[in-house]
Amino acid sequence: MHDGPGVRTTVFFKGCPLRCLWCHNPDTLSFGQEMGFYAHKCIHCGSCMEVCSGGALHKDGGFERQKCVQCFRCVEVCPVSARELYGTEWDSGVLAAKVLADREFFRNSGGGVTLSGGECLCQIDFAVELAKIFFEEGISVDIDTCGYVNFSAFEQIIPYTDEFLYDLKAIDPEVHKRCTGRDNRLILENLKRLDALGCKVEIRYPFVPGYNDGECKKIGAFLEKCDNIKRIKVLGYHSFARSKYAALGRMDTLPDVTVTREDVQLAVDKLAAYGLAATNGMDGD
């Protein structure tokens, strides 16, 4: 419901240049394939051990990730889907054909396809290839981006894009770096350039109390100077992805905070005071 107008199919790309503390798609951070192990599903049948070529698996459910040679045979034989492969290589034509099976849903709802991630523009050649196919088929294409890429990537995909769904997490560079691991100069400059080109942009502001909630008025003052911002959607933080961090063997960085609709609405009201079309993401589309 947050991937653009109408009924949409979202294609998630692996790999992201940011490391947001609140990331709810940790399976898309790495550019490479990964295996997630959901220990609570394991029935200790030993099927995975029989095919493991690296000796990384144990019948008690133990998994020595450093020994994994990434053959992923264990994923194929697990009878209860306790092991899941994150990352599949696709041919653009094959993937497009699969997505286009939903064409009638797009047409009847004013929807289309959204390329997301991770950061889809980090794989710009494939993203453009895919977007061009949909464009030529008359299907709407939206790009969900964190903005931390060379602007040449935007220039290549603009001709096939209806709208950019642009993440804006903070204006203060120190706050941004503390929350994402990166400075935000490139992100803000790219947004200004998209606006100057007249590109249609929806801003998504992930609202995380104690982390970037103090950025609300700064974001409003920054966006007030832009001419082509369609709206700004304030997205309430959630921690539903904790199980993915554990399954991937990643350190869980998710903040231990709760966000209510009322919290988000306060941010919406502050942004609206700058004349912005702000909406509450916890209300849906």
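The values are calculated or read from the model by the stated rules, or taken from the named source; none is laboratory data. A quick note: this is a predicted structure, and the numbers were derived from the prediction, not measured. Please note: Cβ atoms are built from the backbone with ideal geometry, for glycine as well, and neighbour counts cover all protein chains shown. Surface accessibility is based on the protein's heavy atoms, side chains included, excluding ligands, DNA and RNA. Shrake-Rupley method; radii C 1.70, N 1.55, O 1.52, S 1.80 Å.
I'm trying to understand the selection: among the residues of the stretch 216-235, which are within 28 Å of Ser30 (Cα to Cα) and in contact with an Asp or Glu (Cβ under 7 Å, 6 or more places away or on another chain)? Of everything in the stretch 216-235, just one residue is within 28 Å of Ser30 (Cα to Cα) and in contact with an Asp or Glu (Cβ under 7 Å, 6 or more places away or on another chain), namely Lys233. Of the conditions (1) under 13 Å from Thr10 (Cα atoms); (2) modelled with pLDDT under 95; (3) among the polar types (S, T, N, Q), Asn108 satisfies every one except a single condition; which number is it? Unmet for Asn108, out of (1) under 13 Å from Thr10 (Cα atoms); (2) modelled with pLDDT under 95; (3) among the polar types (S, T, N, Q): (1).
Quick one: how many residues across the stretch 118-138 are open to solvent by less than 10 Å² (accessible area, probe 1.4 Å) and in contact with a helix residue (DSSP H, G or I) (Cβ under 8 Å, 6 or more places away or on another chain)? Break it down into steps so the answer makes sense when it comes.
Kept after step one, since they are open to solvent by less than 10 Å² (accessible area, probe 1.4 Å), are these residues of the stretch 118-138: 119-121, 127, 130-131, 134.
Narrowing further to those that are in contact with a helix residue (DSSP H, G or I) (Cβ under 8 Å, 6 or more places away or on another chain): 120-121, 127, 130-131, 134.
So the count comes out to 6.
Suppose the filter is out of contact with any helix residue (DSSP H, G or I) (no Cβ under 7 Å at 6 or more places or on another chain), of a type in the set (A, V, I, L, M, F, W, C), modelled with pLDDT of 95 or more and surrounded by 15 or more Cβ atoms within 10 Å (Cβ to Cβ); does Val99 pass it?
Numbers: out of contact with any helix residue (DSSP H, G or I) (no Cβ under 7 Å at 6 or more places or on another chain): yes; of a type in the set (A, V, I, L, M, F, W, C): yes; modelled with pLDDT of 95 or more: yes; surrounded by 15 or more Cβ atoms within 10 Å (Cβ to Cβ): yes.
Here the answer is yes, as Val99 does meet what is asked.
Taken over the stretch 222-244, the criterion of being in contact with a Cys (Cβ under 9 Å, 6 or more places away or on another chain) and surrounded by 15 or more Cβ atoms within 10 Å (Cβ to Cβ) is satisfied by Val234, Ala241. Set side by side, the residues Val141, Val149 differ, and just one is out of contact with any Pro (no Cβ under 7 Å at 6 or more places or on another chain), under 30 Å from Cys20 (Cβ atoms), surrounded by 19 or more Cβ atoms within 10 Å (Cβ to Cβ) and at pLDDT 95 or above, which is Val141.
Counting just the residues of the stretch 4-40 that are over 12 Å from the mean Cα position of the chain (by Cα) and of a type in the set (Phe, Trp, Tyr), which one comes out most open to solvent (accessible area, probe 1.4 Å)?
The selected residue is Phe31.
Scan the stretch 266-285 for residues that are of a type outside the set (A, V, I, L, M, F, W, C), open to solvent by less than 30 Å² (accessible area, probe 1.4 Å) and either under 26 Å from Gly36 (Cβ atoms) or part of a helix (DSSP H, G or I) (or both) and the total you get is 1.
Does Asp125 count as of a type in the set (Asp, Glu) and touching a residue at least 24 places away in the same chain (Cβ under 8 Å)?
no
Here is a list: Asp252, Asp263. Which entry is acidic (Asp, Glu), farther than 30 Å from Gln66 by Cα and free of Cβ contacts under 8 Å to residues at least 60 places away in the same chain?
Answer to the check: Asp263.
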